[in-house]
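Take a look at the structure set out below.
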Amino acid sequence: MEAHDSSEPPLDSSEPPLEQTLITLRKNQSPEISDDGRNHRPAETLLIPEDEESREFMVLPMIDISRLSFEAGHAERTECEEEIAEAARHWGFFQVVNHGIPTQVIEQMTVEQKKAFRQPFEVKEAGGGKLQNRQASSYRWGNPAAKCLRQMFWSEEFRIPTGDIYGIEDQSLRSAMEMYATAVTVLAEKIAGVLAGNLGTGGSYFRENCTVRTCHLRLNRYPPCPFSEEVFGIVPHTDSDFLTIVCQDAVGGLQLMKDDGCWVSVSPNPNALVINIGDMLEAWSNGAYKSARHRVITSLEEERFSIAFFYCPKSETVIRSCISPAIYRDFSFREYQLQVQKDVRATGDKVGLKRFLV
């Protein structure tokens, strides 16, 4: 008989009370009834067909960014830069391989992430447990403030500014996060520099305004969901930063909205990182680069993990179009964040850049 590892608690003790929250929300809202009499999400957020074989999967542009190195020839570097800019213009999403983050760094980060989520829920909620730091608890789950199913997340997360990683008390987790954050920051700076250069401006704007105190990591877990027709892992949204870099597992669940308004599933690739453009880069580029709407769907049987890095500016940073005539007025990142919070409180949704059109 196999001995039980007492250092790891049973999975059910680690689960946040997502099911209880969902049941409560379901009771407090009018159900959306479809023609077959079953409850579904509102039409605006309906899933693509449930049958796995009928889903439309999309392979994002796959870019080998080792061609950006000094060892590559000028023609190779130029070709790679153009591919990055083209993907940012037309997709807002792309994948990168040979990205420079060592496999062992990603693997160690994944191991530590799972250990953090396997802690008892009470420990996570009380102070973050392994992710406890000297500043504040970093743990969130499910959006307890949700007033309807459309606003609920079937997920849990640890979110921490990269500058606060040094304060994490768990040594193995701190070490893994420090190595990962250092490597992914270099990658973000490299990609931002390429996108800036494509518009004829230097990348110093990003290096000056995005610091270790302004960027952050978010560790995500999406538990198996018995209500997968009713709730998202993360609801449809755009990111508010300049760039997001996501390391995801092989389960899948990320979906992207195409220009025609249809949702497509992004095929996971274990050797690639997913890059997506955020609202600040769309505004700074005067709409040249696209901040695409995306979401995460739930799985009935499988749990999903991902690690997201958000390349964010300082609160006082002024977002000003680098191209004239500007379609967005000047605004600070703080002003944008406050407006998003105000809209979410009032409507349950993020309005985003539409508020800042000239």
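Which of rounded, prolate or oblate describes region 21-316 when judged by the alpha-carbon gyration tensor and an a/c cut-off of 1.5?
Oblate, because a/c is 1.5 or more while a/b does not exceed b/c.
Considering only DSSP beta bridges with both partners in region 21-316, what is the antiparallel share in %, to the nearest 5? Taking every DSSP beta bridge with both residues in region 21-316, the antiparallel ones total about 85 percent. Would you please classify the overall shape of region 172-287 from the alpha carbon gyration tensor, given that a ≥ b ≥ c denote the square roots of the eigenvalues, rounded means a/c under 1.5, and beyond that prolate means a/b larger than b/c while oblate covers the rest? Oblate.
Could you tell me the calculated FRET efficiency between Phe70 and Ser315, based on Cβ-Cβ distance and R0 = 35 angstrom, to the nearest 0.05? List each step's numbers first, then the result.
Details: r = 35 Å, r/R0 = 1.00.
So the FRET efficiency works out to roughly 0.50.
Label separation (Glu19 vs Ser332): 4.7 nm, computed from points 7 Å beyond Cα along the C-beta direction.
Between Glu178 and Arg77, take the C-beta separation as r, use R0 = 25 Å, and let me know the FRET efficiency to the nearest 0.05. Could you put the intermediate results ahead of the total?
Details: r = 30 Å, r/R0 = 1.20.
Computed FRET efficiency for Glu178 and Arg77 comes out at 0.25.
The numbers here are math on the coordinates, done by the rules we state, and not lab data. Model, not experiment: these values are computed from the prediction. Reconstructed Cβ throughout: ideal geometry from the backbone, glycine too, with neighbour counts over all protein chains shown.
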